[in-house]
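What follows is one structure encoded as structure tokens, with my remarks underneath.
The values are calculated or read from the model by the stated rules, or taken from the named source; none is laboratory data. Being a predicted model, the structure only gives us computed values, none of them experimental. Neighbour counts run over all protein chains shown; Cβ positions are idealised from the backbone, glycine included. Note: accessible area is taken over every heavy atom of the protein model, side chains too, but ligands, DNA and RNA are not part of it. Shrake-Rupley method; radii C 1.70, N 1.55, O 1.52, S 1.80 Å.
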Amino acid sequence: MIPFNKPYLHGKELVYISEAVASGKISGDGLFTKKCHDYFERKYNFKKVLLTTSCTDALEMAAILLDIKPGDEIIAPSFTFVSTVNAFALRGATIKFADSYSDNPNVDPKSVLSLINKKTKAIVVVHYAGVACDMQEIMRISEKYNVPVVEDAAQAIDSFYRDRPLGSIGTFATFSFHETKNIIAGEGGMLVINDERYINRAEVIREKGTNRASFFRGEVNKYGWVDIGSSFLPSDIIAAYLYAQLENIDAIQQKRKAIWDRYYQNLSNLGENCKIGLPVLTPDSTNNAHMFYIICADLDTRTRLISFMKENNVHTVFHYLSLHKSEFYSKLYEGKDLINSDRFTDTLLRLPLFYELEISQVDEICNLIASFYSE
Ligand SMILES: *Cc1c(COP(=O)(O)O)cnc(C)c1O
């Protein structure tokens, strides 16, 4: 069976984990956490980063930092992972769901604009498959209505919008190092804070609502409970794994891009004959090869293709289910139909893409897809 995803060791993960243990400190904010923080701030020009236990936690921190309260509204795409909006629902916000473009799953700024009003407290965008949203339009809306932007950059590591790293544009950005992402640590994430005014409070929220971080810097002589918060910081064991991956980020990205390009090349015929839709890239965005997906004609075709691939030992998977139609939110949803989000719900299919996938396996997968469509 060719799996959909496979976690991997790239270099010194286990060596660094042993070093962390030998150092006598494996709780949060140890040596490897600091190395990861420095790496991200230097390489991507992020003002301040804080590793978290997940992207979900980083989103929850962003919602607390923005003081989201019952009665507030946030705007987010419907075609996304639950955590993008659950973090805000936890604080009592109403979620206004925006639609995707017709030709790719990123949020359409026109749809965002139609939902803005006085209650809007945040715009949350998701760079789907690591491909940038139209950040010029999104930031224009943000500035005009004075509403902060959170970039859910869970899939967007090492990807750029007009030469700016994704995650460096919004007030906050959140990343994931879950085993299905490009750079992994098992479970793990990161909050990026691009507006300095939020840095101190972010440290407090991450450390159970205490000013422990300033205490360790010698800024206060004892630490205590100063705000709400939770335990959002990961063990240094996670950071040790992550740091080993970061040391090899260029090799990892290069390999993933080779796989992605091979898929695109192999499937371009089917794309040109309109049997399937292929990912759409824009000139403003790089491709970080987070995901390779195809768009099937309809739900039935996709279901048959998934079974066909499975019978031939290839695990392919569909992706998000429109959140405005979810069991939890459909009863609360009062907005318009979101036809593009619903269409991607029914027709988008993700193909295996992981570091150890061989080019010959990519060819095998593409041949199977071609034979499915030639029947
Ligand atoms: C993976 C993902 C998340 C969740 O990341 P975790 O680290 O598992 O919490 C959130 N949003 C998007 C868009 C994702 O792809």
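Structure above, values below:
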{"quantity": "Condition met for F88 (open to solvent by less than 30 Å² (accessible area, probe 1.4 Å), under 20 Å from S176 (Cβ atoms) and of a type outside the set (G, A, S))", "calculated": "yes"}
{"quantity": "Any hit, segment 180-187, residues being within 20 Å of the chain's Cα centre (by Cα) and open to solvent by 60 Å² or more (accessible area, probe 1.4 Å)", "calculated": "yes"}
{"quantity": "Segment 175-204, residues that are closer than 28 Å to I249 by Cβ and more than 12 Å from the ligand (Cβ to nearest atom)", "calculated": "V192, I193, N194, D195, E196, Y198, I199, A202, E203"}
{"quantity": "Those residues of segment 262-279 which are farther than 14 Å from R350 by Cα and at pLDDT 95 or above, in sequence order", "calculated": "R262, Q265, N266, S268"}
{"quantity": "Residue tally, condition surrounded by fewer than 14 Cβ atoms within 10 Å (Cβ to Cβ) and either part of a helix (DSSP H, G or I) or not assigned by TED's automatic domain parsing to the domain that holds G271 (or both), over segment 323-358", "calculated": "1"}
{"quantity": "Those residues of segment 261-279 which are open to solvent by less than 50 Å² (accessible area, probe 1.4 Å), within 28 Å of A154 (Cα to Cα) and touching a Phe, Trp or Tyr at 6+ places or on another chain (Cβ under 8 Å), in sequence order", "calculated": "Y263, I276, L278, P279"}
{"quantity": "Answer from K48, K12 - the residue that is open to solvent by less than 60 Å² (accessible area, probe 1.4 Å) and within 22 Å of I157 (Cα to Cα)", "calculated": "K48"}
{"quantity": "Enumeration of residues in segment 215-237 that are open to solvent by 50 Å² or more (accessible area, probe 1.4 Å), at pLDDT 95 or above and not small (G, A, S)", "calculated": "W225, V226, I228, I237"}
{"quantity": "Residues that are crowded, with 16+ Cβ neighbours inside 10 Å and either over 18 Å from T345 (Cβ atoms) or in contact with a helix residue (DSSP H, G or I) (Cβ under 9 Å, 6 or more places away or on another chain) (or both), drawn from segment 294-311", "calculated": "I294, I295, C296, T301, R302, L305, F308, M309"}
{"quantity": "Residue among D152, D134, D108 that is among the acidic types (D, E), open to solvent by less than 20 Å² (accessible area, probe 1.4 Å) and out of contact with any Gly (no Cβ under 8 Å at 6 or more places or on another chain)", "calculated": "D152"}
{"quantity": "Scan of segment 180-212 for residues that are among the polar types (S, T, N, Q) and under 30 Å from L9 (Cα atoms), ordered by number", "calculated": "T180, N182"}
{"quantity": "Where C36 falls short, out of the listed (1) part of a loop (DSSP other than H, G, I, E, B); (2) more than 14 Å from the ligand (Cβ to nearest atom)", "calculated": "(1)"}
{"quantity": "Exclusive hit being touching a Phe, Trp or Tyr at 6+ places or on another chain (Cβ under 8 Å), polar (S, T, N, Q) and within 29 Å of G186 (Cα to Cα), set N45, N86, N104", "calculated": "N104"}
